Every structure is written in C-alpha cells, then in structure tokens.
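Peer 1: Let me begin by handing over the structure; questions about it come next.
The values are calculated or read from the model by the stated rules, or taken from the named source; none is laboratory data. As the structure is a computational prediction, the values presented were derived from the model and not from experiment. Don't worry about glycine lacking a Cβ; one is built from the backbone with ideal geometry, like all the others, and counts go over all protein chains shown.
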C-alpha cells in the first residue's frame, strides 16, 4: 500500500474516532463504532491500530497537528505582538464556530488525562507547546516595548486557560452569553492589561 493511501486511511479512521468520541466518550465507545463510522473493515483498522486506546492516543496527536498547524498558518509573526494575540483569539473562535467538535473532544482528552498516564503525558506535552508558543509572543511584546514587563509564562498560562474556557459553551447552556462575546471581552481585558500606557 502506498504512503498516500495509508495516510488517507489513517485520516479516515481519525475522523471517525473523533466523531465517535464526541458522541459517546472514550469509555462508552467501541472499535465497532469506529469501524461503522469510518466505513472501513475491522481488519483495516486493526492493521494500523492494535487497540481502541491506540486509536485514541493517535487521535490526540492528530488533533494537535491539525489545529496547531492552523494557528501557525494564521498568526502573522511579522505583525505586532498585540495583533498576533488578537489573531490567536480570533482563530479559536472561528474554530469553535466551524467545528465545535474540536473543543468537545478536548474535554474528553482532559478527562482521560486524569485517568490514564499515557493520555496525561501526551496532553501535558501539547499543553506545554501551546504555552511556549504564546509565551514567545509575550516575550516579543516585552522586548519591543509594546507590553509591560510581566512574567511571560504566567501570562501565557492565563491566556491559554481563558481560551480553553470556550469549552464551557460546548457543555452548558449559554445563559445569555455568546462565545464571540466571551472571547472578545477576555481578549480586550488581556490586551489592555498587557499594553503599556502611552505617555501623552
């Protein structure tokens, strides 16, 4: 089997696993559910993955590559640090609008990371990579005099936690608050708090 076909099959399995996990959760899903959703044979899936856990561990990597590449492509590194952060916020709200499953599955990943050390290890690595990415933007803003002198890592953690708050909208009733309003409000709070006041 050539590489292109293998990659296509794996993506087919990953997309099926994503849909199944969002609908049923990890513990309530079966390999047969993934087989049915992917429209592949059980043998074809076991050719690539030896168990349900193996499928879902691969799904964590697939999710990260898929959505982190979108961030890297979208955020204009040549722009100001403020613009980069604003673009980052906008990217995640666009993802929420276009594909809320990408946030729903993150909730399931978090749950599994508390139960299984293999999931925990993968999620910690991904979380650290996002954290460092945002921290570098903060450092750039401090270095060019755009931002106040803050702790970049703590600030990045605060931003990441607030972005992940979008998951609230996938779990509970909106209570009159829209995801767009939430993101716009917290992004304004964060950016206004980071920016140096002009001496006019």
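Peer 1: Check 132, 108 and return the single one that is outside the structural domain of residue 16 (by TED's automatic domain parsing), under 15 Å from the mean Cα position of the chain (by Cα), part of a helix (DSSP H, G or I) and surrounded by fewer than 17 Cβ atoms within 10 Å (Cβ to Cβ). Don't jump to the end; show me each part of the working.
Peer 2: Numbers: 108 fails: surrounded by fewer than 17 Cβ atoms within 10 Å (Cβ to Cβ).
Answer to the check: 132.
Peer 1: Can you name every residue in the range 157-188 that is over 19 Å from the mean Cα position of the chain (by Cα) and either modelled with pLDDT of 75 or more or not assigned by TED's automatic domain parsing to the domain that holds residue 130 (or both)?
Peer 2: Within the range 157-188, 176, 177, 178, 181, 185, 188 qualify.
Peer 1: Which members of the range 31-41 meet the condition of being surrounded by 12 or more Cβ atoms within 10 Å (Cβ to Cβ) and either part of a loop (DSSP other than H, G, I, E, B) or touching a helix residue (DSSP H, G or I) at 6+ places or on another chain (Cβ under 6 Å) (or both)?
Peer 2: 31, 33, 34, 35, 37, 38, 40 - these are the residues of the range 31-41 that are surrounded by 12 or more Cβ atoms within 10 Å (Cβ to Cβ) and either part of a loop (DSSP other than H, G, I, E, B) or touching a helix residue (DSSP H, G or I) at 6+ places or on another chain (Cβ under 6 Å) (or both).
Peer 1: In the same structural domain as residue 81 (by TED's automatic domain parsing), surrounded by fewer than 16 Cβ atoms within 10 Å (Cβ to Cβ) and either touching a helix residue (DSSP H, G or I) at 6+ places or on another chain (Cβ under 6 Å) or part of a loop (DSSP other than H, G, I, E, B) (or both): is that true of residue 125 in this structure? Before you say what the answer is, go through the steps one by one.
Peer 2: Details: in the same structural domain as residue 81 (by TED's automatic domain parsing): yes; surrounded by fewer than 16 Cβ atoms within 10 Å (Cβ to Cβ): yes; either touching a helix residue (DSSP H, G or I) at 6+ places or on another chain (Cβ under 6 Å) or part of a loop (DSSP other than H, G, I, E, B) (or both): no.
Judged against the criteria, residue 125 is not a match.
Peer 1: Among all residue pairs at least 6 apart or on different chains, which show Cβ distances below 9 Å where the first residue, located in the range 186-197, is assigned to a loop (DSSP other than H, G, I, E, B) and the second is modelled with pLDDT of 90 or more?
Peer 2: 196/145; 196/146; 196/147; 196/148; 197/148
Peer 1: When you look at residue 44, is it in contact (Cβ under 8 Å) with a residue 12 or more places away in the chain and either under 13 Å from the mean Cα position of the chain (by Cα) or in a helix (DSSP H, G or I) (or both), yes or no? It would help to see each step written out before you state the result.
Peer 2: Details: in contact (Cβ under 8 Å) with a residue 12 or more places away in the chain: yes; either under 13 Å from the mean Cα position of the chain (by Cα) or in a helix (DSSP H, G or I) (or both): yes.
Yes: the conditions hold for residue 44.
Peer 1: Go through (1) under 24 Å from residue 180 (Cβ atoms); (2) crowded, with 18+ Cβ neighbours inside 10 Å one by one and return the number of the condition residue 97 breaks.
Peer 2: With (1) under 24 Å from residue 180 (Cβ atoms); (2) crowded, with 18+ Cβ neighbours inside 10 Å applied to residue 97, the lone miss is (2).
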